[in-house]
1. Within segment A:570-586, identify whether any single residue is assigned to a helix (DSSP H, G or I) and either within 11 Å of RNA strand B (Cβ to nearest atom) or closer than 24 Å to A:Ile142 by Cβ (or both), and answer yes or no.
2. Check A:Thr123 against each of (1) of a type in the set (Val, Ile, Thr); (2) within 11 Å of RNA strand B (Cβ to nearest atom); (3) part of a loop (DSSP other than H, G, I, E, B) and name the one condition it does not meet.
3. Which residue, of A:Ala367, A:Ala344, A:Ala376, A:Ala353, is in the same structural domain as A:Asn410 (by TED's automatic domain parsing), buried (at least 21 other Cβ atoms within 10 Å of the Cβ), farther than 22 Å from A:Ser279 by Cα and in contact with a strand residue (DSSP E or B) (Cβ under 7 Å, 6 or more places away or on another chain)?
4. Write out, first by first residue and then by second, each pair whose Cβ atoms fall under 9 Å of each other, whose residues are 6+ apart or on separate chains, and whose first residue, in segment A:234-254, is over 23 Å from A:Ala207 (Cβ atoms) while the second is among the hydrophobic types (A, V, I, L, M, F, W, C) and part of a helix (DSSP H, G or I).
5. Of all residues in segment A:311-333, which are part of a helix (DSSP H, G or I) and of a type outside the set (Phe, Trp, Tyr)?
6. With the requirement that a residue be of a type in the set (Gly, Ala, Ser) and in contact with a Lys or Arg (Cβ under 9 Å, 6 or more places away or on another chain), what does segment A:375-424 give you?
7. Look at A:Ile505 and say whether it is among the β-branched types (Val, Ile, Thr), within 16 Å of RNA strand B (Cβ to nearest atom) and in a loop (DSSP other than H, G, I, E, B).
8. Could you check how many residues of segment A:311-327 are surrounded by fewer than 16 Cβ atoms within 10 Å (Cβ to Cβ) and closer than 18 Å to A:Gly364 by Cβ?
Amino acid sequence: MTASWKRTHTCGELRAAHAGRTVVLNGWVQARRDHGGIYFLDLRDRYGVTQIVLSQAVLGDTKLGPEYVLSVRGKVSVREGSNVNRERPTGEVEVLVEHVEVLSASPVPPFPIEEQLDTALDTRLRYRYLDLRRGNLQRNLIHRSRFIQSMRRAFEREGFLDIETPILTKATPEGARDYLVPSRVHPGEFYALPQSPQIFKQILMVAGYDKYFQVARCFRDEDLRADRQPEFTQLDMEMSFVDEEDIFGVWERVMQATMREACGVEIAVPFPRMSWDESMERFGVDKPDLRFGLELVDAKAWAETCEFQVFRNALASGGRVMGIVVPAVHALSRKDVTGLEEHAKGVGAKGLAWWKAEKSGGAGPLAKFCAAPGAAESLMKLMGASDGDTILFVADREAIVRKVLGDLRNQLGRKFGLAKAGEWRFTWVTSFPMFEWDEDSKRWFSAHHPFTAPVDWTLGGPSPDLGKLSSRAYDLVLNGWELGSGSVRIHRADVQQRIFEILGIGPEERQRKFGFLLEALSFGAPPHAGFALGLDRTSALTLGLDNIREVIAFPKTASATDLMCGAPSIVAPEQLAEVHIRTVTEPDPKP
RNA sequence: GGGGGUGUAGCUCAGUUGGUUUAGAGCGCUAGCCUGUCACGCUAGAGGUCGCGGGUUCAAGUCCCGUCACCCUCGCCA
């Protein structure tokens with residue numbers, strides 16, 4: 001027998017068609033309007049809000065505070081004329097209550113449960129269960145759920161198997177800091193939480209599971225950002241007997257289906273592909289926002305003939321001189337330019353040279369170097385500028401020129417409203433550098449990870465310039481965000497051994513840390529490649545949000561704490577003893 | 001680890017060169033009134049460790065030093 005308090009409908013579904021029906025609604029008290037003889041109440045659940053009408057006789061001396069949980073039974077009544085609330089889907093009806101039961105009382109909440117909320121984040125996080133009652137968060141999490149469900153369906157259609165990999169696993173020597181878990185059974189030994197399922201999914205390929213995917217939680221003990229949490233979720237996948245084009249094809253179909261089903265957006269495939277070199281050269285960054293132009297232009301041809309010593313010196317010392325042309329229509333003021341220069345200096349530039357382009361000589365610091373006959377015209381031609389445009393130049397080492405101009409480009413795109421919401425410009429960025437030199441430790445590191453295959457390199461060939469070697473790694477980029485990355489893997493144990501040698505990981509260390517992978521690869525590994533998509537970032541971006549906390553039910557603060565449950569926390573001495581841990585630092589006093 | 005920002009009522013904020021009796025406002029809350037509101041309205045009321053600690057001063061929400069928390073960011077994130 002059904003308990004009498006159980007709902008027959010949600011708070012979002014009653015319409016005029018339900019008129020006369022006796023219904024039971026369950027929900028939270030959203031708002032109360034007491035008119036003496038008649039008492040209105042808005043009852044809320046995640047499906048909507050319905051107006052409840054109570055008489056004094058029914059209410060009696062029952063107290064109904066905000067966020068009380070109620071069960072109300074009554075008749076659906078159609079509202080007449082001006083009593084209809086057209087703002088809400090349920091506004092044409094109300095429930096005339098015959099019986100009300102308080103299922104649960106509540107203190108006054110520390111902040112109101114409403115959409116427009118400017119309460120400080122720490123208060124919201126401390127009472128996350130109240131924050132999550134708000135429509136915004138509910139919509140975000142519903143969107144995320146639909147997004148992920150849609151992706152799962154797409155991967156199933158593609159023939160992928162959903163296989164779980166361990167959370168308690170082995171520490172990895174490279175990459176991010178690991179979260180460690182002490183072993184009780186093995187004193188002094190530790191598990192690590194996975195930074196990604198990387199090694200396990202490669203081993204699944206060796207095992208013959210040629211199409212694997214998983215919604216995988218990953219853990220990295222590094223400092224947070226608006227788009228980075230210490231634990232995050234990836235749609236992780238790997239395939240055998242494929243190259244990068246097969247991976248791209250699967251993801252283009254998956255993203256097209258998911259954008260259609262979860263976002264109602266049609267996107268064009270295939271996505272454009274560009275090399276890392278091209279992206280850096282045209283946009284100054286490895287995750288270009290393709291919604292607008294303002295591309296970087298090489299000014300070398302002009303700079304090497306001009307009298308401006310800053311430009312000449314930069315080139316003479318092996319650096320670059322590049323610029324961005326800001327069309328006249330955006331009317332960049334001197335104050336704007338000063339602001340941009342401050343910003344440029346903040347990110348490492350020594351200065352920002354600019355020129356208001358005019359065939360007659362123009363204005364700005366560069367104008368006097370454009371005075372020579374033909375100088376202005378040739379510079380405008382080189383840069384693709386027209387009269388009235390403003391050109392911003394940076395002269396420095398290549399890395400700084402790219403970083404500063406890439407940064408300025410993004411800033412200008414935002415400032416001029418060129419990066420339009422609702423426009424989705426995906427792109428693959430390919431051929432990342434294979435290795436990066438680290439000055440501090442005087443050694444090479446993998447730019448992606450040590451299992452990434454190099455482009456065009458055979459073991460027998462001449463020793464390559466490691467800094468110029470490209471890898472078969474790729475990123476998926478959307479509107480200036482890196483959504484995910486992957487690579488074609490090394491499937492031969494001898495090549496893998498050689499990479500470890502370059503990385504300075506000796507035979508003994510190699511064996512201890514990766515021996516099981518090398519051994520697995522030696523037992524007949526198929527060529528394989530994979531990719532992982534950041535689901536937090538992708539969910540946030542497709543909702544137009546710039547902080548992934550808004551799509552995570554229980555996120556952490558910038559210092560990696562959980563304000564609701566109070567993690568991390570000290571534990572009882574017995575608990576430490578059990579896992580053979582002794583602390584050497586007293587914890588910070590908690591306020 | 002570095003840089004920047006914020007911290008005053010449950011929430012969001014104001015608070016002048018340090019000085020006006022009891023640190024204010026809006027919202028929320030409580031009580032009373034009100035039979036058609038829907039962010040109901042009207043009247044009244046309660047509510048404060050000015051993040052915390054120290055210092056300067058006749059006097060500190062306000063100035064100085066330290067510290068904590070939160071946010072953004074650089075480093076970091078194979």
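The values are calculated or read from the model by the stated rules, or taken from the named source; none is laboratory data. Keep in mind it's a predicted model, so treat the numbers as computed, not measured. Cβ placement follows ideal geometry from the backbone for every residue including glycine, while neighbour counts extend to all protein chains displayed.
1. Scanning segment A:570-586 turns up no residue that is assigned to a helix (DSSP H, G or I) and either within 11 Å of RNA strand B (Cβ to nearest atom) or closer than 24 Å to A:Ile142 by Cβ (or both).
2. The single condition A:Thr123 does not satisfy is (3).
3. Result of the check over A:Ala367, A:Ala344, A:Ala376, A:Ala353: A:Ala353.
4. Close Cβ pairs (under 9 Å, with a partner that is among the hydrophobic types (A, V, I, L, M, F, W, C) and part of a helix (DSSP H, G or I)) amount to A:Arg253/A:Ala154; A:Val254/A:Met151; A:Val254/A:Ala154; A:Val254/A:Phe155.
5. A:Arg312, A:Asn313, A:Ala314, A:Leu315, A:Ala316, A:Ala328, A:Val329, A:His330
6. Within segment A:375-424, A:Ala376, A:Gly388, A:Ala395, A:Gly413, A:Ala419 qualify.
7. Judged against the criteria, A:Ile505 is a match.
8. Adding up the residues that qualify gives 1.
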